[in-house]
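Working notes, structure below.
What follows draws every value from the coordinates through simple rules; no lab data is involved. Bear in mind the structure is a predicted one, so any value in this text is a computation, not a measurement. Reconstructed Cβ throughout: ideal geometry from the backbone, glycine too, with neighbour counts over all protein chains shown.
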Amino acid sequence: MLKYLFLPAALLCAAAHADEGQWQPYQLPQLKSELKRVGITIPAEQLADLSRHPMSAMVSLGGCSAAFVSDAGLIVTNHHCGYGAIQRNSTPQHNYIADGYLAHSRAEELAGGPNTLVYLTDKVDNVTARVLAGLGAGMSGRARHEAVEGHIKAIIAECESDPAYRCSVPAFHRGLEYYRVRQMLIRDVRLVYAPANAIGDFGGDIDNYEWPRHVGDYAFLRAYVGRDGRPADPSPDNLPYHSKDFLVVSAEGLKNGDPILLAGYPGRTSRYKLASEVRAARDAAYPAKVAELRADLDVIGAASAGNPADVVRYASVVKSINNVMKKTQGLLDGFARKDIAAIKDVQDAGFRAWYAQQPDAAPAMLRELDAVIGADLALADEEFGWSVATNSELLKSARSLYRLALERRQPDAEREPGFQQRDAAFIKARLNRLEQSYAGAVDQARYVAGLRRYGALAPAMHVRGLDALLPAADAVPALYQRSQLGDTARRVAWMDQDAAAIAASDDAFLKLAVTLNDVALALEHRRKEVDGNLELVIPQYMQAVIAWKQSQGKPVYADANSTLRVTFGTVSAYAPRDGVTKGPFTTIEGIAEKNTGKAPFDAPQALLDAIAQKRYGQFKDPALGTVPVDFLTSADTTGGNSGSAVMNRRGELIGLNFDSTYESITKDWYFDPAITRAIHLDIRYMLWVMKEVDHADNVIAEMTVKYPKHGKR
């Protein structure tokens with residue numbers, strides 16, 4: 001290891017350039033000059049403090065971001081982030097997806113369901129030394145990975161001695177650092193208000209990742225706790241959570257060039273991956289993924305056609321698959337437009353030349369790096385094949401039940417992550433949640449088609465030892481006839497049975513899960529071996545990369561990993577191609593122009609009437625002369641940032657992040673400041689719909705709304 005590699009990565013943060021960077025809050029004091037340059041007036045030390053405004057108002061929904069907007073636990077997020085709760089309460093007779101929902105009192109608020117959760121981050125600690133303690137140089141990859149895993153489980157168990165909290169220890173910089181994140185977990189979350197789908201998802205999948213956009217992507221939830229103020233299971237006796245901080249909502253608006261601050265929980269980025277990893281994604285993994293997702297969507301569509309109940313059940317599944325598919329296709333199109341692999345080649349050549357000149361450089365590290373990445377990519381092919389061959393919700397449930405029973409034979413500390421006692425409630429929630437997104441005929445069609453597609457995959461994608469154990473496609477209907485796992489009560493009841501009982505069961509899917517278990521474990525063990533080797537070499541590489549970047553004055557931030565991050569930027573137009581410039585705002589008149597009366601461009605008549613009558617009220621932008629809908633900024637975002645609070649220079653809520661432009665999708669791999677733009681809902685449109693269309697006056701009254709002075713911004 002080079003001498004400089006012993007410096008903590010936190011100390012190697014250089015000044016940011018452009019608006020790139022998904023910063024951990026503790027890094028912000030090191031970015032004072034950049035915050036000042038952009039125009040943010042909140043002190044950097046305040047932004048770094050999770051117990052102070054505005055960070056204390058930010059929450060995670062476990063895949064989306066959100067923020068408190070009242071002291072009674074009222075949360076605002078995206079419509080698509082609240083979609084699961086909306087769908088859970090919808091039926092063909094009471095279709096809240098299509099019609100929207102408004103609770104006029106707290107008694108009318110609807111249960112979000114076991115998968116609708118709120119996480120409040122209150123403490124983050126660097127635990128790198130504890131995670132990496134005692135790792136021997138001669139350990140196998142699997143032994144190393146399991147040792148790291150064991151340390152992490154112990155740290156989590158210590159953190160979760162108070163049952164109010166859920167803790168995690170994610171890796172940063174690909175295993176160079178580890179932080180323990182403590183979050184209060186609120187389990188009783190209810191749906192307060194969501195607009196009609198024709199507002200919340202206007203434009204649908206056609207407009208997804210596109211600009212201009214005209215979507216009111218917002219919804220309101222409320223967090224409830226026990227009478228003692230602590231998290232509790234859902235109960236009518238619970239009370240709204242008293243949020244010590246919340247965001248003031250500003251209807252003052254923005255103009256081109258104004259600064260914004262954005263905080264949320266971005267999911268995953270891959271900006272430090274190598275050219276070989278880019279090419280593998282571009283040339284093989286992503287094309288296969290797009291083809292698989294498209295085929296699965298076609299099967300779901302055909303199998304649910306003509307059955308409104310099945311269409312509602314699979315609405316959230318279809319929406320999720322469509323989103324992933326369009327993003328993946330966007331990545332492919334982005335790779336075709338700009339040769340990111342070639343850019344990485346140039347960067348890598350520069351790094352290796354610099355590295356070779358260092359006095360303690362270890363050439364073997366770079367050879368080992370290339371070798372372990374090659375092994376990782378090869379194994380990923382088989383893992384993709386496994387996902388295609390097991391595309392059945394009943395099979396996934398059966399495998400989860402059997403694995404849980406096997407893990408229960410061991411002391412809790414020795415069980416696999418995901419199957420410890422702390423995970424039982426989440427497993428049960430998934431098994432229950434399936435009731436809202438499962439239909440036997442549709443699942444059967446998906447599994448049959450998946451098996452046939454698996455058979456057509458290249459040999460490298462076939463899992464060792466799996467093919468002989470899989471059922472023939474024409475034998476699948478019999479599996480569903482001989483299984484009772486489609487019944488929620490019976491499915492959940494198997495959680496109480498031991499492995500012997502499951503192995504002796506005559507349930508077809510439980511029997512199949514038992515049959516496949518050894519192959520699944522072998523694949524898992526091979527993954528641990530590869531990951532352990534990655535965890536040895538990649539951190540050495542990342543420390544060198546950080547030092548190299550620091551020597552050039554370039555930004556050093558960790559890839560996104562679903563932890564709280566802060567980014568900043570400005571309201572900005574962009575030019576996606578020669579001769580085309582796209583402005584940063586859209587308006588409600590654009591909704592009327594796009595409206596066709598047919599989904600997904602079927603705006604509600606009440607909204608169209610308000611537009612035609614120019615009922616702009618207090619939400620008219622003086623420069624635009626009308627009500628803005630969505631806007632663009634240069635903020636650095638990715639998946640998981642959906643629902644993130646977009647704030648003005650003073651930390652007031654002026655928008656909700658919900659998407660990126662199509663040209664920006666490749667920012668997960670490479671940030672191009674010229675074309676990278678995030679798409680946000682303008683809070684003025686949200687308030688306007690609430691006032692003029694949905695008459696959600698009770699929700700508006702609960703928030704603290706700052707209105708513009710007459711004639712001024």
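Quick notes on this one:
- Here the label points at Ala504 and Ser140, each 7 Å from Cα along the C-beta direction, are separated by 3.4 nm in the simple model.
- Each Lys and Arg adds +1 at its Cβ and each Asp and Glu adds -1 at its Cβ; summed about the Cα centre, the chain shows a dipole of about 980 debye.
- Taken along its principal axes, the alpha carbon cloud of the stretch 275-542 reaches lengths of 66, 47, 33 Å, longest axis first.
- Given in Å, the Rg to one decimal and the Dmax to the nearest whole number for the Cα atoms of the stretch 594-713 are 16.2, 46.
- As a proxy for reagent exposure, ranking Met703, Met542 by other Cβ atoms within 10 Å from fewest up yields Met703, Met542.
- Note on the chain: dipole from Cβ charges, positive end direction compared against Gly203, Val492, Leu469; the farthest Cα belongs to Gly203.
- Those trypsin sites (Lys or Arg not before Pro) in the stretch 92-193 that DSSP places in a loop and that have at most 15 other beta carbons within 10 Å: none
- Summed side-chain charge close to Leu332 - residues other than Leu332 whose Cβ falls under 14 Å, Lys, Arg +1, Asp, Glu -1: +2
- Environment charge at Ile611 (Cβ cut-off 11 Å; Lys +1, Arg +1, Asp -1, Glu -1): -2
- When the Cα positions of Val131, Ser437, Pro459 are compared along the charge dipole of the chain, Val131 comes out farthest toward the positive end, with charges on each C-beta of Lys, Arg, Asp and Glu.
- Hydrodynamic radius of the chain per Kirkwood, over alpha carbon pairs, in Å: 26.8
- Per-residue HN-Hα couplings for the stretch 286-295 [Karplus 6.51, -1.76, 1.60; θ = phi - 60°; Hz; x = Gly/Pro]: 5, x, 5, 5, 4, 4, 5, 5, 5, 5
- Relative contact order of the stretch 46-180, defined on C-alpha pairs under 8 angstrom at six or more residues apart (%): 19
- Residue list for the stretch 383-410, given a label point 7 angstrom along the Cα-to-Cβ vector of Thr515 and an amide N cut-off under 18 Å: 386-403
- About the Cα centre, charge dipole magnitude for the stretch 275-542 (Lys/Arg +1, Asp/Glu -1 at Cβ), debye: 700
- Dipole in debye (nearest 20) - the stretch 175-235, about Cα centre, beta carbon charges: Lys, Arg +1; Asp, Glu -1: 520
- Paramagnetic label reach from Gln93 (point 7 Å along Cα→Cβ; backbone nitrogen cut-off under 16 Å): within the stretch 297-315, residues 308-310.
- Remark: Ser60, Ser161 ranked as Ser161, Ser60, counting other beta-carbon atoms within 10 Å and listing the fewest first.
- Charge context of Lys123, other residues only, Cβ under 9 angstrom, K/R +1, D/E -1: 0
- Options Tyr286, Gly350, Val312, ranked by Cα towards positive dipole end of the stretch 278-366, top entry (Cβ charges): Val312
- Considering only the chain, percent of DSSP beta bridges that pair antiparallel, nearest 5: 95
- Legend: calculated FRET efficiency, Lys338 to Arg294, from the Cβ-Cβ distance at R0 = 25 Å, rounded to 0.05, equals 0.55.
- Proxy reagent accessibility, fewest Cβ within 10 Å first, across Ile373, Ile683, Ile186: Ile373, Ile186, Ile683
- Karplus 3J(HN,Hα) series, Hz, for the stretch 208-216 with 6.51 cos²θ - 1.76 cosθ + 1.60 (x for Gly, Pro): 4, 6, 10, 9, x, 10, 9, 10, x
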